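The values are calculated or read from the model by the stated rules, or taken from the named source; none is laboratory data. Computed from a prediction, not measured in an experiment: that's the story for all the values here. Cβ sites come from the backbone with ideal geometry, for glycine too, and all protein chains shown count toward neighbours. To get the accessible areas, we keep the full protein, side chains included, count just its heavy atoms, and leave off ligands, DNA and RNA. Shrake-Rupley method; radii C 1.70, N 1.55, O 1.52, S 1.80 Å.
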Amino acid sequence: MPSRWDAVRRAQLTRILFVYLGASYAILEIVDIFIGQLGLPEWFFPGVVVLLLVGLPIVIATALVQGRSRQQQGPAEPGVSEAAATHAAQERPADQQRIDRVPTTHWLTWRRAILGFVGAFALWGVVVAGYMAMRALGIGPVGSLVAAGVLDARERLIIADFQNNTGDPLLGRAATEAFRIDFSQSEIITVVDPASVAQTLSRMERDPQETLDLRLAREVAIRDGVKAVVGGDITPVGSSFYMTARLVSAADGEELAAYDETAGDSTAIIDAIDKLSNKLRARIGESLKTIRASEPLDQVTTPSLEALRKYSHALDVIEEGDNERGLVLLEEAVSADTAFAMAWRKLGIVLSNMGRRRARQIEALTKAYDHRDHLTERERYLAIGTYHLSVTGDRQAGIAAYESLLDQYPNDTWALNNLGVFYRAARDFRRAEELFRRAVELDSAGGAIYFGNTVETQVALGEMAAAEETLEGYGRLFPDHPNFQAVAAAMAGSRFDYANAEKLLQALRDGQRAGSAWYVSSSFQLAQLAQVRGRLAEAEELFGGIMTTAEEQGEPALYLNGAILQVLDYVILRGDVERGRQKLEAALQRHPLSSLEPQERPYAPLAIAYALIGETDRAEELLVELQEAVDPQTRGLDGGGDEMARGAVALAEGRHQEAIEHLRAANGDACTICALPLLGQAYDAAGQIDSVIAVYERYLNTPWLYRVGASDWYALAGVYERLGGIYELRGNPQQAIHYYRRFVELWQDADPQLQPRVERARGAIERLAAEI
């Protein structure tokens, strides 16, 4: 018969097991909650289960040992005193007394069991805490991507279509979609939307429904500036399915992480995908540490990744002011993809902005226009608008294209800027300024040219304070950009502050590589600054350097433009018509017009030069040849040059009223001051002195940013001198002195051959001052 103590021991063990199992269940529930709420690793739960299972035999053993010990040390029977119990024990047989003297304590105690249990869980907690800390701080193989500073929150990844080796097309699509859904639940990455991928494929001239294998996904990622792609495959192995998933660098295809799982059958595929995605998401931080972040390539249509890279790089270097390097890259882009419309478009724009190679400009912009039907809507409108802006000069068609683009993309800064150019050409300076300023507001950090255009239109509006403020903001963002330095110099020139303009241009020129576009441009402007102040020898030396550079670079049109400016210098400023004729003939013998493409021949400037040296027949021949050789549909917005040349010819032939009509028509061009000096001369020759005063004073008082290069270089001194003479003859000594003084101040440091005119003006000032 079992003793009473055996029954008690069994009851105690049962109760202890119930308590332990209940506590274990509660612990596992809490752990499951922590895993979900705190993002603990999935292996934390199995670890806790192992600890609880290891603890179970320890609890059972402890209960049994401690139960026997309690039996041996049980209390005296009821009604028996402790002294009597002790005496009874002493009366027992010797063998029984030896058994009683066996130690009743044991190392397996409840205290030690509980401490061991707590210690084991504490150690496991330390392990998990260490793991979580390393993940949070981006340390070691478990570091998270965001914590490591490699990815921003919600960094983008592209999920490629699973490579399906099963023969069942539905399995591959289902696996890809399940993987995409799993990854979309991540809090640190963003899966690129399939619609966005489809748009990129369209720009690549690929079928948007095409299977996005890993190679194609990488190219899409490179174009859109995505660092990495995720791909996988599914392969049947008997009745099972072997599945892999890997993280791959978009830039070079390096495999950064890879995992595999096996699904027992098709019903277990989703569970296997869950496991794969969880592993990859946990590993993704460390894997992307080695990936260099890249800017997205421009989103334009071309099937060639190489061409797109060249194009995107070209945009960057052009924005920095390096037009030559940009042209090289754009030429390489159109060589890689001869149907790359946006690269052709940009090539034409850059050449146009540089004022170089007009035939190549037209060819490039025409190619972009011809490929317009294969482009996205935005690109198509850009190609159409730019074609009419720089080739045909059709303002109505160009404005319609850009406004249609802005209806759909109201923040497109390219469209805003180019639409502003159209309105500026139409002298709607208010509308142009609004468009340019909006482009600046939308892209102040990346739109250096927008600032320059805004300043130009604000000056044209006479809003000099606003122009100064815009220029100041331009300088803060782009202090070293050559276009800022050029605009700052032009601003000084528009205020007649020639000393400061020269200082700024000299600094710009000194900072450029000899022979570069900006070096040549700043040399031109320095030469014209020298001309306006009568420093003609200095100007001639600068023009000589420009012409030498032009020949070295195979730019005959640039050479002839420099020569023409020298000719006008001799004829207008020095009064040496014969020397001017000699220089003109020498330049044309060196580079005959027939050696240039028709669109690059400077017909209108040459006609003006021949008119001024008295060879009006040759001037008229050039104007006829212009109409025959150059298609009117390729003249761009340059509509005033022909009229000004015709006015100069008519003026030289004594047809004064006809000259006035042509020059008034020329004055309707975008430039508000360019035709005014010749128009004033025509009125003067016609004896209409009141009109001379009105035109000349309008010329002096009309603000224009680029006035030095427009006409001040040859006309300003003569206008001051002539107005002084007119007011002197009209008996208005105050006004006469005013203009004579301005003339003297302008030419006070002029070359010796011009000083007699300066002395005559000084004499007039003294004489008139004495009469007041």
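Would it be correct to say that TYR474 is farther than 23 Å from LEU351 by Cβ and surrounded by 23 or more Cβ atoms within 10 Å (Cβ to Cβ)?
On the way: farther than 23 Å from LEU351 by Cβ: yes; surrounded by 23 or more Cβ atoms within 10 Å (Cβ to Cβ): yes.
Answer is yes for this residue.
Contact map, region 224-235: first residue under 11 Å from SER249 (Cβ atoms) and basic (Lys, Arg), second residue open to solvent by 10 Å² or more (accessible area, probe 1.4 Å) and at pLDDT below 85, Cβ cut-off under 6 Å, separation 6 or more or different chains; pairs are LYS227/ILE291.
Number of residues in region 493-514 that are among the hydrophobic types (A, V, I, L, M, F, W, C), assigned to a helix (DSSP H, G or I) and within 14 Å of ARG707 (Cα to Cα): the value is 1. When GLY462 is tested against (1) in contact with a helix residue (DSSP H, G or I) (Cβ under 8 Å, 6 or more places away or on another chain); (2) open to solvent by less than 50 Å² (accessible area, probe 1.4 Å); (3) not polar (S, T, N, Q), just one condition goes unmet, and that condition is (1). Of all residues in region 749-767, one or more are open to solvent by less than 60 Å² (accessible area, probe 1.4 Å), closer than 18 Å to VAL571 by Cα, outside any helix (DSSP H, G or I) and in contact (Cβ under 8 Å) with a residue 40 or more places away in the chain. Take the conditions (1) buried (at least 16 other Cβ atoms within 10 Å of the Cβ); (2) farther than 29 Å from VAL421 by Cβ; ALA675 misses just one of them, which is (2).
Among LEU606, LEU651, LEU584, LEU612, which is closer than 18 Å to TYR714 by Cα, crowded, with 20+ Cβ neighbours inside 10 Å and under 43 Å from the mean Cα position of the chain (by Cα)? Even if it seems obvious, please write down each step before you answer.
Values: LEU651 fails: under 43 Å from the mean Cα position of the chain (by Cα); LEU584 fails: under 43 Å from the mean Cα position of the chain (by Cα); LEU612 fails: under 43 Å from the mean Cα position of the chain (by Cα).
Result of the check over LEU606, LEU651, LEU584, LEU612: LEU606.
Rundown of residues vs (1) open to solvent by 20 Å² or more (accessible area, probe 1.4 Å); (2) assigned to a loop (DSSP other than H, G, I, E, B), yes/no style:
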site: ALA401; (1), (2): no, no
site: ASN411; (1), (2): yes, yes
site: ALA415; (1), (2): no, no
site: VAL421; (1), (2): yes, no
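Return yes when LEU622 is farther than 19 Å from ARG357 by Cα, surrounded by 20 or more Cβ atoms within 10 Å (Cβ to Cβ) and over 39 Å from the mean Cα position of the chain (by Cα) and no when it is not.
On the way: farther than 19 Å from ARG357 by Cα: yes; surrounded by 20 or more Cβ atoms within 10 Å (Cβ to Cβ): yes; over 39 Å from the mean Cα position of the chain (by Cα): yes.
Against the criterion (farther than 19 Å from ARG357 by Cα, surrounded by 20 or more Cβ atoms within 10 Å (Cβ to Cβ) and over 39 Å from the mean Cα position of the chain (by Cα)), LEU622 qualifies.
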